[in-house]
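Structure record follows, encoded as structure tokens.
The values are calculated or read from the model by the stated rules, or taken from the named source; none is laboratory data. All of these numbers come straight from a predicted model, not from anything done at the bench. Every residue, glycine as well, gets a Cβ built from its backbone with ideal geometry; the counts of neighbours run over all protein chains shown.
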Amino acid sequence: MADSNDRSAALRRVAAAIAAWTDGRSRAVLLGGSHAAGHAVWRTSGGVRVPLSDLDLYVVVPDRAVQARAQRRMRDHAPALDLGDLASGIEVAFLTPADLAALPARPGTLELERHAVTLAGDPAWAERVPARDGRAVSREERALLIENRAFELLLAYEPLAAEAAGEGARLPAWHAVMKCRLELAAARCLDAGE
């Protein structure tokens, strides 16, 4: 696991981009997923610590107009955004207060309710994430979890099969395979209502 300085530097750059996309009008930025739960995977590349685990961010905005503008700006500007050592993907959801209160029961939102870290704004927003357990996750959501992992495995195949692939390609692919193993275990637990 990386030290907090590595994560903090990466998150500061992402937070600056989010502030620009929302014109500084976000009410809160919540970190979810493995980074919030404390089990994100990091590696050293070129002497720099970088995350292999995705950054899952939930940005609470005041209304649909700010939401639409932020989504458009992110779509238009994220490809050119210089995030330097962030090797992982960044997933950002812009949510109105009503969206936050109505988050569907999914593995990611169950994690968010349990482990959300408030990166900016009022920490009370994290308490508005609906509290649910594994029994609330629908059959469709459980199937989507498996389907998404299948695509990750397909994408990992080529870098792992290619003998000439370097560590920069192979390590993220192995991370995807190991993540899929854990998510399959999670899917079995969800099937059992846990």
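Structure summary
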item	result
Matching option when the condition is in contact with a Cys (Cβ under 7 Å, 6 or more places away or on another chain), among the aliphatic types (A, V, I, L, M) and modelled with pLDDT of 80 or more, among Leu100, Leu153	Leu153
Candidates Ala126, Ala93, Ala105 - the one that is crowded, with 17+ Cβ neighbours inside 10 Å, assigned to a helix (DSSP H, G or I), touching a helix residue (DSSP H, G or I) at 6+ places or on another chain (Cβ under 9 Å) and among the small types (Gly, Ala, Ser)	Ala126
Test for Ala136: is it under 18 Å from the mean Cα position of the chain (by Cα) and buried (at least 16 other Cβ atoms within 10 Å of the Cβ)	no
Residue within the stretch 5-26 that is at pLDDT below 80, of a type in the set (Ser, Thr, Tyr) and assigned to a helix (DSSP H, G or I) present	yes
